[in-house]
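Some notes on the structure that comes next.
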């Protein structure tokens, strides 16, 4: 079972799902951005409410409990909107006793992926595998503490890590892009059952 983290994880995960002929779904999980520095994050929240904070980032930025709650509230509202966008017309897929492969387009701090893994653990999977094209060594070590396996194509040990630097062609995947990819995949992999003819 493939689970993609939108938005960037969707096109990567769809390629994997097609290659291994696996079931596919999304897991909505978003970082909580640092105020005035949105490219950075101090935690992440998953669609089931699981929230993980990066204690070091919280301490470094000096965020108050009120600021944390405010930023987390905005992310929860965004997750609710995204859940409606990606899952409103579909029934929940059973994850119990299944091997899950969670895919994103890469990891930076690893906090979003840790949150995603801890979120699906509550649905009693057989095994949770994390697979990403690129990640820093520190993030891989962090995610290995919660996942059964972590698979990367490239692992880097560097001070300043940017996922986009490892792609030949990079662009931010929009909600419109991601939903279009999903619609195309569903049309290719799901065929309506023919109605049985009466005698």
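As a check on your grasp of the helix formula, calculate [θ] at 222 nm for the chain: sum -39500 (n - 2.57) over DSSP H runs of n ≥ 4, divide by the residue count, round to the nearest 500.
-12000 deg cm²/dmol
Set the Förster radius R0 to 25 Å, insert the Cβ-Cβ distance between residue 39 and residue 153 as r into 1/(1 + (r/R0)^6), and round the FRET efficiency to 0.05.
0.60
Report the Cα centroid-to-centroid distance between segment 1-40 and segment 92-114 in angstrom, as an integer.
Answer, in whole Å: 8.
Using the alpha-carbon atoms, what tilt in degrees (0 to 90, nearest 10) does helix 9-20 show relative to the longest principal axis of the chain?
Helix 9-20 sits at roughly 40 degrees to that axis.
For segment 2-187, what Kirkwood radius comes out of the mean inverse Cα-Cα distance, in Å? Intermediate results must be reported in sequence, preceding the final value.
Numbers: mean 1/r = 0.0593 Å⁻¹.
Hydrodynamic radius (Kirkwood, Cα only) of segment 2-187 equals 16.9 Å.
Using only Cα atoms, find the angle between the long axis of helix 175-189 and the longest principal axis of the chain, and express it within 0 to 90 degrees, rounded to the nearest 10.
30
Does a label point 7 Å from the Cα of residue 188, set along Cα-to-beta-carbon, have any residues of segment 9-38 with amide nitrogen under 13 Å, and which are they?
11-22
Packing-wise, with mean Cβ within 10 Å as the measure, how do 118-125, 132-139 rank, highest first?
132-139, 118-125
Using R₀ = 30 Å, calculate the FRET efficiency as 1/(1 + (r/R₀)^6) where r is the Cβ-Cβ separation of residue 179 and residue 94; round to 0.05.
Calculated transfer efficiency: 0.80.
Give me the distance in nm between label points sitting 7 Å out from Cα along the Cα-to-Cβ direction at residue 70 and residue 162, one decimal.
2.9
Give the distance, in whole Å, between the Cα centre of segment 46-65 and the Cα centre of segment 118-167.
Using only Cα atoms to place each centre, the spacing works out to 19 Å.
No value in this document is a laboratory result; all are computed from the given coordinates. Remember, predicted model here, so these are calculated numbers, not experimental data. Methodologically, a virtual Cβ is constructed for each residue, glycine included, from the backbone with ideal geometry; neighbour enumeration extends over all protein chains shown.
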